[in-house]
Every structure is written in structure tokens, then in C-alpha cells.
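Below is one structure, written out as C-alpha cells, with a few remarks after it.
The values are calculated or read from the model by the stated rules, or taken from the named source; none is laboratory data. Everything numeric here is computed off the predicted structure, so don't read it as measured data. Using ideal geometry, Cβ is built from the backbone for each residue, glycine included, and neighbour counts are taken over all protein chains shown.
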Amino acid sequence: MASLFRWLDERVNLRGAKRDLLDREVPDRLTWWHTLGSATLTVFLVQLITGVTLATYYSSSPDHAYESIQFINRQVASGMLLRGIHHWGASAMVVLIIAHVIRVFAVGAYKYPREINWLVGVGLLVVVLAFSFTGYLLPWDQKAYWATAVGTNIAGTTPLLGGALVALLRGGSELGAATLARFYAFHALWLPLLLTALMALHIILVVRQGIAARPKALEDGAPGSTADPAYPAYYRGAYAATKRGGQRFWPDVLGKDAIVSAVVVIAIFALGAALGAPLEAPADPTDTTYIPRPEWYFLPIYQLLKLVPGSFESAIAVGVPTALLLALVCLPFFDRGSTRNLLHRPLALASLVFILAGSGFLIGAAGRAPQPKSDSSAALSSVERAGRALYQSQQCGGCHRIAGEGGDIGPDLSDVGARHSAGWIHSFIELPSRFHAESRMPAYGPPTLSHQEIEELAQYLSSLEGAPGHEPHYYDSFPAPRSP
Amino acid sequence: MTTAPATERRRFLRWATAIGGSLALLLAFVPSLRAFLSPAFRRKRSEKWIRLGAADQFDTSVPTKVDFVDTENDAWVAIRRLRNVWISTTDGEHFTVFNGRCTHLGCNYAFDKAANVFRCPCHTGYFDIKTGSVLGGPPPRPLDTLSVKVEDGILYADYQDFRLGIASKVTV
């Protein structure tokens, strides 16, 4: 071991690398909040490892995408766990990177000399959000399809560029095979490359510029503006002074980083193992009843759209994120005061509180809003889906009610499948008067609906069994056949 | 900063780096590796009994070929393949059923009536029609026999494929 180390050291100067990277002195009194960036990096590695493995079992074609996800869930060893880790890891990465941005903002670490690294960080934030946006289309389930339909439609409301932007995102005018392929290519090829490159640059800059010191140490006796010609010299002196505590990157910083990273990964693993990752019914472009809800981190925008009148919608949907992004990009060039402590920067404090409170309020409001009913018909066959489409197109809901929706002229059909067989339902729809002479329901037999259509409808209705776990219990009686 | 508690703290942080870091990566690596490697360890096969026809209809002098469509779950894709087996019997009671693929490289061999042998057209391998043993050519092993059963006068064979081009009969 020792001789291997010596052999390598003579060639690549391991000692020098250790001295420059691990033994470098860091500012004193670094907090646990400083671990958020490295935790984001760790979660990215977790996403990379699980993502590459998931990719070996995934098919990015609408024909097979959903089936391949089911295959991962059911057939691949640890498949459900891997999807769970990747799913919760995605949320964790968004939480961590936003928390990291907030910390950097709060201690004014984007100010001189770290303006460039702030921009790289904003780039990383955008890439992480792009990862989530492209990632949740891949399972090709209802949520994937409809949330992406809405997301791309929002982009379509952009003034002037809207139409081109939608076509660009979807690879055509409609959401389909080309969309899935390009989302997958971006999610699994372009974005990881981009993220890796930006992260490398981000870390190189942190090593070159050093970890940002606590605000107070850089404020005493500082010129009022970082644009002041005297500021760089002041900064060098003040920053060097913070390093006199003898703290080194390893183990003083890296040890804490590792502890927080481990806690985060254990939490992700536990969530993934306990809850797995959701998979709804397969994407069904003909289903007009599905109410898509975005991932929680897009909820503020989602909720905001509900609160504004229609004509302002595109201004909000496209304008707010664009304005936020622009504000982040301009921030280090606009805010050049040398004050770093958040409590002494009233405008910054007010903006942060406003954005956090606003997002929190909107997420809370979205959470309190009635949840779209979960699709209990997760495993509808293609025949049953065709039946559901007929139920809608024939406006059966005008008289009948399913799961609380529809009219009350006819009987509630929420659990009709538990009470009658498909065969009985078929006969009934065909000619209700055969069963109840006084029935007000019109006959749907040919030519109104073909026998195949009635069968599709009957198959769909017989899949409705009300509360789960109810064993169907039929009391079907058929009228005596009429003698010819 | 080189006081005793600081040294203690650093020793703890050194260990924390090693243990925390490896734990974090292991938690992602182990399930990934398991998922990735699992196909290499999967060793279960469900029987696939193919109905070949009434047992008394098979010719006792010449072998009979039966084609059938095999629906196979290829991961998340259901694939239908045309397969065939050759049935050989001398008494109409005891049957030998051969997998229809030549053991050399998997071509479909045929019955050569003139020579009364199975002949594979790809590289001219010859097999005995009763035992399946190699009579000539490159095949490394006899034809692959399948398990058979007769139930209610119907002949069934448990269809499976074996690895090609090697001397021993190993299931794929």
C-alpha cells in the first residue's frame, strides 16, 4: 500500500494534491449551513448512479416506456427501491440547491469576488429544475403526460416566441413520441453533461477563491462599495485574517459535509424504501377528466395561475419565472454594497421574506385546495379506457354519478361493478326497458351504439367497484327471453 | 487550535468523512449494482408445455415437424416467435422430441428423406433421426431433446432453448 502510494506520488504528486485540496486553510467559524452545497453534490452522485441503472431498463418510446417502468417495479431486483431513491433524490436535490442559494444570498457570498461563481450557481439551479421537468415525463403515466402537456402549453403562451417554443420542446406540434425521445435525451445525456461541467467549474472556483467567510469578518472597516478601487485590497486582508484559526478543509469542513450528506442520503433511501415512486395509470391522451398537478416545487406558479385573471395568465406563467431568473443573474452586478449581513440589507431581507412567504403561502393554498381524486382505475385496460371515453362522449354523466361527479337522475354508478357483471350491464344498456318497464333510460343498442361500443362501456363500468377491497357480489337477474 | 478537544474533534471528523462518505455512496451503489447484476443470477424457468397433437397420429417411420407460435416475454416487450420441434417415435407410445434448432449455430434443420437423416442446410450437419446423435459436420453435440408427456392421448413437450455451439447442453 505504502509502496503503491509512493509509486503514484512520484508520478502525479499526490502529496501536492493533498496539500492544495485537503490541507488548504479555510475561514474560521464555518457553519453547518455551509454543508448544503456538498450535500447537493452528493445527491447528484446518487441520482447519477441510480439514474444510469434505471436507464439500463428503460425504453424511451411511448409504446414501451410505461411497460418498462412496470418491468422495473416488478421484475428488476431492487427496481422499486431504485425508482424510489431517484424520485425522492430529485426532490431532495431541489430542496438542497434552493436552500444553498438562500444561504449564499443571506450571507452576501455572491458579492466580490464571487460574482462569476454565483452565475455558475444560477446555471446549476436552472439545470436542476430542467432535470425535474424532463424527468417526470419519462414514466409516461397520466401525471407525466398531462403535467408535461400543461408545462409545455405554459411555454406556448410566451409572447412572439410561443409557438416556436412549444414545437421546440415537443419536437413537433403534439406531445408524443418525439417529445419523449428528446426529453429522455436531455434528461440522460445533455443535462448530466452540463451539470457535471458547471459543477466542476463551481468547485474549481470555490477552491481558487476559498470558501466565503462569515459576513462580519468582511464588514469591519470596509469601503462602502465593492466597486471602490480600495475594496480588493481590503478584501484580501480581511479574508486572509479569517484563515488564521488554523482550520483546514479536511477534516474540519469535509467531515461535516460527509455527516450531512450521509444523513440526507439515509433519508432519501428510507423514503424510497418506504414509499417507492408513484406510477399512475398509463398516459391516456383521450382522457379529458384527468387533472394534472405539478411536482411540489412548481406548485407556487401553478397556484398563482389560479389567482390571476386569464388575460394576465401568460404574463404570470412566463413572466414571473423569467423575472426571478433575471433578478438572480443581475443580483451581483446590481447589489454592490459591501454589507453582507442579511439583517443590515433591508431590501434583500424584504425580497427574500416576500419570495419565501409568497411561495410558502401558494404551496399551502395548493395543498388545501381540493385534491384531484386519485385515479383508482390505475390498471384500466385499453377496452375499459375506450369505454370511459364513450361514457364521456355519450354524456352518461348527465344522469349518472361516478365518485361524486355527475347528475342524479339515474342511479349512482360508483360501485356498479361490484353489483352487476359486465354481461348484465351490457344487456341493460342495450335495452333498459327489458329490465325495468318504467326505466327512463333510453336504449343504447344499435344503431345508437354498436355492440362493440356497448361492450367497451360495460367493461369500463364493471371495473368500478367503489371502495377498494370489495369483493364483487352479483345479484343479476335477467328477464326471461321473449319467445320468438 | 491544537488543544486536546480540538484534536478529539478532528479525529471524529476524519472518521466521519470516511464513514459518512462511504455510507452515502453505498446506499446508492448497492441497490444499483443489485439491479444491474441481477440478470446474471436469475435462474428460474417456468415450464412451457406445448401441445403437439394427438399421440396416435405421429408416423412411426419418419419424423414429424410441428410448428407453433411461442409468445415470449422479452423484458417489457411481448414477442411472438415461430418455433418448431421434430417428433420421432418408433412405437407411437414413446416419443423423442427435438428442439428444432441445430446445435451448431441455430439454423432450422430439415428431414432428408433420401438419406433418412436430419440435415442442417447452413453448414451441412447431419443428425440421426431417432437419437439425434451427430452423424457428420460441425455440430458440437447431439440435437437437444425436450421433456415430453402424454396426457389424455395428447402429446406435449416442454419447450426450451439451449446455448448453441458448445459441447454441453446448457439452458439459456
Residues in the stretch A:309-322 that are over 16 Å from A:L129 (Cα atoms) and either among the acidic types (D, E) or within 21 Å of the chain's Cα centre (by Cα) (or both) total 3
Going through the stretch B:31-51 in order, the residues found to be assigned to a helix (DSSP H, G or I), surrounded by 14 or more Cβ atoms within 10 Å (Cβ to Cβ) and either in contact (Cβ under 8 Å) with a residue 24 or more places away in the chain or not small (G, A, S) (or both) are B:P31, B:L33, B:R34, B:F36
A:L191 vs (1) touching a Phe, Trp or Tyr at 6+ places or on another chain (Cβ under 6 Å); (2) modelled with pLDDT under 95; (3) of a type in the set (A, V, I, L, M): all pass except (2)
When the stretch B:69-97 is checked residue by residue, the ones that are within 30 Å of A:Q70 (Cα to Cα), at pLDDT 90 or above and loosely packed, with under 15 Cβ neighbours inside 10 Å are none
By residue number, the members of the stretch A:411-424 that are assigned to a helix (DSSP H, G or I) and within 41 Å of the chain's Cα centre (by Cα) are A:V416, A:G417, A:A418, A:R419, A:A422
Being over 20 Å from A:W118 (Cβ atoms) and either among the aliphatic types (A, V, I, L, M) or surrounded by 14 or more Cβ atoms within 10 Å (Cβ to Cβ) (or both) narrows A:V329, A:V308 down to just A:V308
Conditions (1) at pLDDT below 90; (2) under 17 Å from B:A167 (Cα atoms) -> B:L143 fails only (1)
key: Selection status of A:S427, touching a residue at least 24 places away in the same chain (Cβ under 8 Å), of a type in the set (S, T, Y) and part of a loop (DSSP other than H, G, I, E, B)   = no
- Filter result for A:A109 (over 22 Å from A:S61 (Cα atoms), assigned to a helix (DSSP H, G or I) and modelled with pLDDT of 90 or more): no
All-but-one check, A:V126 against (1) touching a residue at least 24 places away in the same chain (Cβ under 8 Å); (2) within 14 Å of another protein chain (Cβ to nearest Cβ); (3) out of contact with any Phe, Trp or Tyr (no Cβ under 9 Å at 6 or more places or on another chain), failing number (2)
In this structure, does B:T17 turn out to be surrounded by 14 or more Cβ atoms within 10 Å (Cβ to Cβ), assigned by TED's automatic domain parsing to the domain that holds B:N108 and modelled with pLDDT of 90 or more? no
Going through the stretch A:151-177 in order, the residues found to be surrounded by fewer than 19 Cβ atoms within 10 Å (Cβ to Cβ), within 15 Å of A:P285 (Cα to Cα) and not acidic (D, E) are A:N153, A:S173, A:G176, A:A177
For the stretch A:9-50, the count of residues that are exposed (fewer than 12 other Cβ atoms within 10 Å of the Cβ), touching a helix residue (DSSP H, G or I) at 6+ places or on another chain (Cβ under 8 Å) and among the aliphatic types (A, V, I, L, M) equals 0
Counting only residues in the stretch A:451-475 that are part of a loop (DSSP other than H, G, I, E, B) and modelled with pLDDT of 70 or more, the one farthest from A:V416 (Cα to Cα) is identified as A:S463
Determine whether A:A277 is exposed (fewer than 15 other Cβ atoms within 10 Å of the Cβ), hydrophobic (A, V, I, L, M, F, W, C), within 14 Å of another protein chain (Cβ to nearest Cβ) and closer than 30 Å to A:P294 by Cα. no
The residue from A:L82, A:L54 that alone is at pLDDT 95 or above, farther than 30 Å from A:L328 by Cβ and in contact with a Pro (Cβ under 6 Å, 6 or more places away or on another chain) is A:L82
In the set A:A389, A:A366, A:A350, A:A357, the lone residue that is within 30 Å of the chain's Cα centre (by Cα), closer than 30 Å to A:A106 by Cβ and crowded, with 16+ Cβ neighbours inside 10 Å is A:A366
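So is A:Y145 buried (at least 20 other Cβ atoms within 10 Å of the Cβ), part of a loop (DSSP other than H, G, I, E, B) and either aromatic (F, W, Y) or at pLDDT 95 or above (or both) or not?
When the stated conditions are applied, A:Y145 does not pass them.
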Exercise for review: Kindly indicate whether any position in the stretch B:26-47 is away from chain A (no Cβ under 13 Å) and either over 24 Å from the mean Cα position of the chain (by Cα) or of a type in the set (D, E) (or both).
Suggested key: yes
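Rundown of residues vs (1) surrounded by fewer than 19 Cβ atoms within 10 Å (Cβ to Cβ); (2) in the same structural domain as A:L138 (by TED's automatic domain parsing); (3) charged (D, E, K, R); (4) touching a His at 6+ places or on another chain (Cβ under 6 Å), yes/no style:
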position	(1), (2), (3), (4)
A:L218	no, yes, no, no
A:Y231	no, yes, no, no
A:R236	yes, yes, yes, no
A:A267	yes, yes, no, no
A:A270	yes, yes, no, no
A:A273	yes, yes, no, no
A:W296	yes, yes, no, no
